[in-house]
Amino acid sequence: MISPLAYIHPEAIIGENCEIGPFCYIDKNVVIGDNNTLMNSVTVLYGARIGNGNIFFPGAVISAIPQDLKFVGEETTAEIGDNNKIRENVTVNRGTKAKGKTVVGSNNLLMEGMHVAHDVIVGNGCIIGNGSKLAGEVVIDDNAILSAHVLVHQFCRIGGYTMVGGGSKINQNILPYTMTAREPASYCGLNLVGLRRRGFTPETIALLHRAFNIIMGEGLLADKVARVKEEIGMTPETEYILDFIKDTEKRGFIR
């Protein structure tokens with residue numbers, strides 16, 4: 001299952017039932033779990049921590065040093081969970097002293113040529129389209145979808161169950177459950193198709209409509225948050241939205 005044309009450092013730890021194709025390079029201080037497939041010409045560098053059942057397509061580069069001039073060689077990692085599909089020429093840089101690690105969760109699809117910069121956290125069940133770029137310390141919550149060639153500014157957070165249109169330039173946070181598109185990027189309503197596909201009930205979707213009609217309406221944000229609490233109440237969905245707003249209030253969110 002390991003090609004004689006692959007290079008694996010003697011100190012690298014490789015799990016069971018892994019397939020490693022020709023011209024792969026696996027550095028020292030690398031841990032790869034079970035049942036992973038590395039097609040030809042995959043590069044896994046110092047500090048990579050890879051779970052189980054992942055597929056890496058040709059040209060992927062995992063755990064290269066950050067493209068950050070403040071990086072001075074500190075011990076950091078790039079962590080990949082389980083059952084991800086990492087397509088051709090995807091790059092995932094390892095962390096800096098800011099967080100110490102870059103994390104890609106489980107069950108994600110990272111499409112061709114997209115980039116995950118230092119200290120980024122990608123949750124679970126996300127789809128990130130061809131050529132999209134995540135700058136340093138971006139956070140992508142679970143089940144978010146970014147179309148092709150989306151550019152996300154450093155420190156931004158994208159909420160769960162969102163849909164971001166192709167070619168969007170994101171320089172503020174994106175609230176959960178929403179769609180964002182146009183130029184400049186703006187709020188385009190609920191991600192109705194995505195929510196229905198994920199099993200959200202009509203009652204919950206109606207509740208989210210009411211919440212976002214308030215949040216995206218006129219008035220002070222603090223007053224609108226109070227209205228959501230009073231008029232709709234605290235469900236798991238409204239609690240997530242309001243906690244998201246509170247945790248990211250310095251950056252602001254796209255409207």
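Since every read-out is calculated from the coordinates, none of them should be taken as a lab result. Everything numeric in this text was worked out from a predicted model, so none of it was measured. Don't worry about glycine lacking a Cβ; one is built from the backbone with ideal geometry, like all the others, and counts go over all protein chains shown.
What trypsin sites (Lys or Arg not before Pro) in segment 55-114 are in a loop by DSSP, with at most 11 other Cβ atoms within 10 Å of the Cβ?
Numbers: sites: K70, K85, R87, R94, K97, K99, K101; in loops: K70, R87, R94, K97, K99.
In loop regions of segment 55-114 (DSSP not H, G, I, E or B), the sparsely surrounded trypsin sites (Lys or Arg not before Pro) are K70.
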* How many percent of DSSP beta bridges within segment 1-130 run antiparallel, rounded to 5? -> 0 percent
* **Under Karplus coefficients 6.51, -1.76 and 1.60, residue-wise ³J(HN,Hα) of segment 130-135 in Hz, glycine/proline x** => 3, x, 6, 10, 10, 6
* Taking the Cα centre of segment 82-184 as the origin and placing charges on Cβ (Lys, Arg +1; Asp, Glu -1), which of I127, I174, A117 is farthest toward the positive end of the dipole? -> A117
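What does the net charge come to around H9 if you take all other residues with beta carbon closer than 9 Å to its beta carbon, with K and R at +1 and D and E at -1? Please list the in-between numbers first.
Working: positive: K28; negative: E11, D27.
In short, -1.
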* **Residues Y161, Y187 arranged by fewest to most Cβ contacts within 10 Å** => Y187, Y161
* Of the options N52, S3, Q154, report the single residue whose Cα projects farthest towards the positive end of the charge dipole of the chain (beta-carbon charges: Lys, Arg +1; Asp, Glu -1). => Q154
* Asked: Considering only the other residues whose Cβ falls under 15 Å of the Cβ of T162, what net charge follows from Lys and Arg at +1 and Asp and Glu at -1?
  -> +3
* Asked: If you wrap a convex hull around the C-alpha atoms of segment 7-140 and split its volume per residue, what is the figure in Å³?
  -> 81 Å³
* Asked: Can you give the angle from 0 to 90° between the axis of helix 221-231 and the longest principal axis of the chain, with both taken from C-alpha atoms, to the nearest 10?
  -> 80 degrees
* Structure fact -> GNM of the chain, Cα pairs under 10 angstrom: of A60, A48, A206, the biggest fluctuation goes to A206
* **Euclidean distance between Cα centres, segment 226-255 to segment 38-92, Å** => 34 Å
* **Sparsely packed GluC sites (Glu not before Pro) within segment 192-242, loop by DSSP, other Cβ within 10 Å at most 13** => E218
* Over the Cα atoms of the chain, compute the convex hull volume and normalise it per residue, giving Å³. => 119 Å³
* Asked: What residue among I232, I32, I174 shows peak mean-square fluctuation when the chain is described by a Gaussian network model with Cα springs under 10 Å?
  -> I232
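Which order do M114, M39, M1 fall in if you start with the one that has the fewest other Cβ atoms within 10 Å? Kindly include the intermediate steps, with their values, before the conclusion.
On the way: M114 24, M39 19, M1 10.
Ranking M114, M39, M1 by Cβ neighbours within 10 Å, fewest first, gives M1, M39, M114.
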* Asked: In degrees between 0 and 90, to the nearest 10, how far off the longest principal axis of the chain does helix 236-247 point, with axes built from Cα atoms?
  -> 80 degrees
